[in-house]
There are 2 protein chains.
Amino acid sequence: MIKITLPDGTLKEFSKGSTPMDVAKSISEGFARNVISAAFNDTKVETVTPLYEDGSLILFTWNDVEGKQTFWHSSSHIVAQALEELYPGIKLTIGPSIENGFYYDVDLGENSISDKDFPAIEKKALEIARGKHPFKMRAVTKAEALALYKEQDNEYKTELIENLEDGTITFCDHDTFTDLCRGGHIPNTGIVKAIKILSVAGAYWRGNENNKQLTRVYGISFPKQKELTEYLELLEQAKQRDHRKLGKELELFTFSAKVGQGLPLWLPKGAALRERLENFLKKAQKKAGYEMVITPHIGQKELYVTSGHYAKYGEDSFQPIKTPKMDEEFLLKPMNCPHHCEIFNFKPHSYKDLPKRFAEFGTVYRYEQSGELHGLTRVRGFTQDDAHIFCTPDQLDQEFKNVIDLSLYVLNSLGFDNFKAQVSVRDLNNPDKYIGSVENWEKAENAIINAAKEKGLDFVIESGEAAFYGPKLDFMVKDALGRNWQLGTIQVDYNLPERFDLTYKGSDNESHRPVMIHRAPFGSMERFIALLLEHTGGNFPLWLTPDQVIILPVSEKYEKYAKKVLNSLEINEIRALLDNRNETVGKKIREAEMNKIPFMIIIGENEEATNTISVRKHGGEDLGSIAIKEFSDLVTSEINSNLKSF
Amino acid sequence: MIKITLPDGTLKEFSKGSTPMDVAKSISEGFARNVISAAFNDTKVETVTPLYEDGSLILFTWNDVEGKQTFWHSSSHIVAQALEELYPGIKLTIGPSIENGFYYDVDLGENSISDKDFPAIEKKALEIARGKHPFKMRAVTKAEALALYKEQDNEYKTELIENLEDGTITFCDHDTFTDLCRGGHIPNTGIVKAIKILSVAGAYWRGNENNKQLTRVYGISFPKQKELTEYLELLEQAKQRDHRKLGKELELFTFSAKVGQGLPLWLPKGAALRERLENFLKKAQKKAGYEMVITPHIGQKELYVTSGHYAKYGEDSFQPIKTPKMDEEFLLKPMNCPHHCEIFNFKPHSYKDLPKRFAEFGTVYRYEQSGELHGLTRVRGFTQDDAHIFCTPDQLDQEFKNVIDLSLYVLNSLGFDNFKAQVSVRDLNNPDKYIGSVENWEKAENAIINAAKEKGLDFVIESGEAAFYGPKLDFMVKDALGRNWQLGTIQVDYNLPERFDLTYKGSDNESHRPVMIHRAPFGSMERFIALLLEHTGGNFPLWLTPDQVIILPVSEKYEKYAKKVLNSLEINEIRALLDNRNETVGKKIREAEMNKIPFMIIIGENEEATNTISVRKHGGEDLGSIAIKEFSDLVTSEINSNLKSF
């Protein structure tokens, strides 16, 4: 007999060789029908894996993240089989689950797949699924494994197997299909009731741009057709709100093949919006005692050797910039902190000067492979709303809390009210990953957890998620479509002060090491604006939106009065446009709607005669005929009610 | 006989072999005594060079730039002789005149020279000068020339001679001293009455950092002792105003050896000052119809191949940034224009959309050798207040005039009222240097000259000073010490629109090429702030200065009232500080003077009792006891009187 501990603490005995599914059935037949995956002693196992020792067991259903992973990974096997049957001779490589669905990377050889082929693939995959074929793991020798894929002439699987140790290699079989696989499957294919192929894209073998480009087939699957329908609706909504689409339509930013992928060019409306966001934060930061600094976008190699970044950013990064002088090399800055440390070192400090809070909208550059790039959310150059606080150990707690206050102010002002915090701490099993003493790490982790508690944040602690130089707190925001985004970070650092030999003179007249906090409430301006576009669907908060008002005269006759209205709005610092093209008001309204302009002012004979304006809100609400002054007050009061002072 | 034409058009006849000095004497003995240099048919000659053909002759005195150049170059021979006599065995290299004085680069071998050696060098040089030794040019064969310097074991002169063609080599003798020299000397050493060695510095042979470092001995000389005294006074004044010294004292900026030479770090007060300057220009630009954009600090190599910059910025520059992907290389941007062209190309334009005026405070990076770097005036990274105007050919004249208006507004607002303009046009003898058609160059040059005339600028036209891609107008400003600075540039460009294939649809429905104007009223923020520091001696215009007011309570007892005063100033947006340290008012005033704070408010018993403040201006003027409100109004009205709206 073996002893199995369940998550609720229950301890049950089973005969040796019982499977997780047996355990599930012992709880209830109904529950067992929903179990699709399991973890034994924190390791993923099949629901049919026989257990021979005591241990803890977790059983997962579709409602668990782990259940979905297993479901989608299993679905990738089904789709792979369908692809092999439809396109004989293609070479399979890898097929993992992802956040939403799964993909399979295949070398299609002479074949190609496009949108029009998706229905046939889905049909074939569903046919296979309906066969209710069980997924069966099978241990093979390295020689057997190599033999299979050499026969198929599949150099990819062969390469994968060659890097595995004999005795650890397993295949997974279902129906007529066999794949090299470490395991983690649902009981049988029949649980998959709905499959959708979403897209195809290029992907380099092993993610290396110098390798062959494969075809990545993205898909998603569900245990009910209804869930697929709902997901596709959400996807359609997300597509309408895609920041790349809206960014182009609203003329906020663009990319140029000549300038380079992942390097956004901010168009006038986007640059102005970004400046308003920056000014909003600058104002709050000024009140919070921050001082702005400006530092260059490059630094000598020596700077990053000192900071430790040079050792961390290696061959996968932008390479050093050589100069005519042999021994002088520079790097594009991947972070602002080394520069701010050197600013701190500008002159000696006393404890009376601390905290020093240096802020900068600092543009940093980090290489990403072209396949990883995505609009403004994954770029090669981005601007952090960065700041570094240098304080005494005694001031750390208070400073951390102040930063949380500032971050909450930012989130609330931008309309994000659904968020959690994640505290990332060390992986205690992997101490070599981290720079700095254990004592300092403990101090820092405690400071963060205490601050999160005191500020009443809804937070989780994630072991092993800390950066190599310190623990941190991240805000995880849920957007209007229910998706989670990591946004804004606060990070304690006991490491850089050592590396840059930062000191201050204490009240004891001795030299001490300051503590450093890195923080960025927006995270990156690029990513934040992308998120805000998708969250609001382009309907930005009134204080932030590019054009607040558009004036639409019904004919040229009223242009003079329209200009008078425009002028009086501008005097009240309302951002207004005049559309005096020779077009119908209907067309002008449609375009203003598409441009997400919050207020439209329609001007005709009656308005001019009565010295009023007719106001229509974005979306159609009619505010009727009002005086210009009344309208200005309305706009100003709406702005003030949304944008409180810090 | 030969016919000599003088600058005023006079034509005189002289016997063959007459010298420029003979010509000078024919004008007047008194004038001849002042003549120290000459140019025959635009080529510099000695005053004693015999002339054998007809030609035009210009005679220079100390009052001419060319006269000073000759005077200072001749002085470098005298100083070189003094150095050889004082430090036998040293190796001479080159000794040109510079803007103020001259230098000689020497390989001192085992010797070294420091400040304390300067008087001995000056004494020896003056002794030589007093000998009234004539400078005599002498043609030598290449073999003779090499023999002399091989005997002296001087590899530098040997290298220079080896690159010269036999038959073109000349020596210059005076007293016991001989130097390889192309000519251009004053009649004799006796004309030099005052010599000052100013400094020594390291300098690489041939300016190449991989070569041996030599010692550069800087000096200056004058025909009268009094002029030297005046010059040294000016130098002392300049030293007090040196922007590197003031920048440090006022905590505006710093440099870090780790970040790298020539890469300024802006400290809080400097960053805030820079932001005020930028906001000042942004406001004016907004009124002038500019739109801000933001572009990255790198671009693909392809971008600069298209723009032509890649061919121009070669091995002397920051080298390309390689990436993990073999065929993908980036460059630090040396200019913003290629990025702005790509922004223009974001969408099709109609003539109705033009002009488009894209502005950016764009930070660019250009490699400079470490020996060339100087504070903020010569750096490796700097921020241009850049903008590019894309307009139709018909709009060019008006746009150019508008830019001149904006530039004049900037200069006047910052207290520069002494300036000239320089229009840089092609070198007609060197057409291959320039990109673009002759027709377009002519159009552009005419537009600039017309605009300069119409705006009543005091301007000169300089042939051959244009950039390779277009003619330009630069503002040359004279600062408070009488020194000239190049500041602000406006440049017409017919070239980049071709290279980037920029087009707009004209009223004829055909595709046309827009014209481009590059402009930067400040030039670079770094250089402008350096100049402003030296021009004002750190006493910035009140609207711009870091701290406008400092409040100095005479004792702790008055701190509460002091804070009330501070608060009411802050409400009126006056930048005020409170110095509540436990120090004497005398010390606080001295420090406030050093920090160049325009107004000091002294607060004691009487002030608190009468609800007033005592105000002392920077420099000592006492404004007596006034009400807080009265003082706020005074500050505000002083700001408004200095800073008009655009």
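The values are calculated or read from the model by the stated rules, or taken from the named source; none is laboratory data. Because the structure is predicted, anything quoted here is derived from the model rather than measured. We place every Cβ from the backbone using ideal geometry, glycine too, and count neighbours over all the protein chains shown. These accessible areas exclude ligands, DNA and RNA; they are computed on the full protein's heavy atoms, side chains included. Shrake-Rupley method; radii C 1.70, N 1.55, O 1.52, S 1.80 Å.
Couple of notes before you dig in:
- Mean shadow area of segment A:41-136 over all directions, Cα convex hull, nm²: 7.6
- Within the accessible surface of chain A, defined with a 1.4 Å probe on protein heavy atoms only, the carbon and sulfur portion equals 48 percent.
- Per-residue mean of foreign Cβ neighbours for B:363-372 is 2 (Cβ atoms of other chains, 10 Å radius).
- FRET efficiency, 1/(1 + (r/R0)^6) with R0 45 Å, evaluated for residue A:150 and residue A:130 via beta carbons: 0.85
- A simple charge model with +1 on the Cβ of Lys and Arg, -1 on the Cβ of Asp and Glu and nothing else charged puts the dipole of chain A at about 1120 debye relative to its Cα centre.
- Nearest-ten-degree value, helix B:585-594 long axis tilted from longest Cα axis of chain B: 50
- Applying a DSSP loop filter and a limit of 13 other Cβ atoms within 10 Å to the chymotrypsin sites (Phe, Trp or Tyr not before Pro) in segment A:35-87 leaves A:52.
- Heavy atoms of residue A:628 accessible to a 1.4 Å probe, total area in Å² rounded to 10: 30
- Spatial extent of segment A:2-61: Rg and Dmax, with the Cα atoms as the point set, Å: 10.0, 26
- Label point of residue B:139 set 7 angstrom out along Cα-Cβ; within segment B:165-181, amide nitrogens under 19 Å from it belong to B:165-173, B:179-181.
- Expressed per residue, the C-alpha convex hull volume of segment B:549-642 stands at 88 Å³.
- Using the Cβ-Cβ distance between residue B:10 and residue B:468 with R0 = 41 Å, the FRET efficiency computed as 1/(1 + (r/R0)^6) comes to roughly 0.55.
- Point-charge dipole on Cβ atoms (K/R +1, D/E -1) for segment B:66-231, about Cα centre, debye to 20: 620
- Net length gained if the chain between residue B:206 and residue B:460 were fully extended (0.36 nm per residue, minus Cα distance): 88.2 nm
- Accessible surface for segment B:384-539, divided over its residues, is 39 Å² per residue with a 1.4 Å probe.
- Calculated Rg and Dmax of segment B:66-231 using C-alpha coordinates, Å: 15.2, 46
- Per-residue ellipticity at 222 nm computed for chain B from its helices equals -10500 deg cm²/dmol, with DSSP H segments shorter than 4 residues left out and the rest contributing -39,500 (n - 2.57).
- Applying 1/(1 + (r/R0)^6) with r as the Cβ-Cβ distance of residue A:627 and residue A:233 and R0 = 30 angstrom yields a FRET efficiency of 0.10.
- Relative contact order of chain A, pairs being alpha-carbon contacts under 8 Å that are 6 or more residues apart, as %: 9
- Its Cα gyration tensor gives segment A:533-593 an equivalent ellipsoid, and the semi-axes of that ellipsoid, as √(5λ) in whole Å with the largest first, are 23, 17, 5.
- Charge dipole of segment A:275-341 about the Cα centre (unit charges at C-beta), most positive-ward option of A:337, A:300, A:279: A:279
- Base-10 log of normalised Debye intensity for the protein assembly as shown (one unit scatterer per alpha-carbon) at q = 0.09 Å⁻¹: -1.36
- With both residues required to sit in segment B:549-642, DSSP beta bridges show an antiparallel share near 50%.
- 10 Å Cβ neighbours from other chains, averaged over peptide A:379-385: 2
- 0 to 90° range, to nearest 10: angle between helix B:142-151 axis and chain B longest Cα axis: 70
- Shielding by partners for peptide B:248-261, expressed as the average number of C-beta atoms from other protein chains within 10 Å of each residue's C-beta, is 5.
- Interface area, B with A, accessible, probe 1.4 Å, both sides summed, Å² nearest 100: 5100
- Where N is the number of residues in chain A, Cα Rg divided by 2.2 N^0.38 Å: 1.15
- Lacking any other cysteine beta-carbon closer than 4.7 Å, the following Cys residues of the protein assembly as shown have no compatible partner: A:337, A:341, A:391, B:337, B:341, B:391.
- Residue B:312-residue B:242 pseudo-label distance in nm [points 7 Å out on the Cα-to-Cβ vector]: 3.3
- Where GluC sites (Glu not before Pro) fall in DSSP loop in segment B:425-533, at most 11 other Cβ within 10 Å: B:510
- Our note on the geometry: Cα centres of segment B:479-541 and segment A:175-212, 56 Å apart.
- Protein heavy-atom accessible surface, 1.4 Å probe, per residue over segment B:1-120: 47 Å².
- Distance (nanometres) between label positions extended 7 Å along Cα→Cβ at residue B:513 and residue A:572: 4.9
- Cα-only Debye scattering, segment B:488-602: base-10 log of I(q)/I(0) at q = 0.12, 0.16 Å⁻¹: -0.62, -0.83
- Annotation for residue A:370 and residue B:368: the two label points, set 7 Å from Cα along the Cα-Cβ direction, are 3.7 nm apart.
- Options A:145, A:125, A:15, ranked by Cα towards positive dipole end of chain A, top entry (Cβ charges): A:125
- Sparse-neighbour loop sites [GluC sites (Glu not before Pro); segment A:543-581; at most 14 other C-beta within 10 Å; DSSP]: A:573
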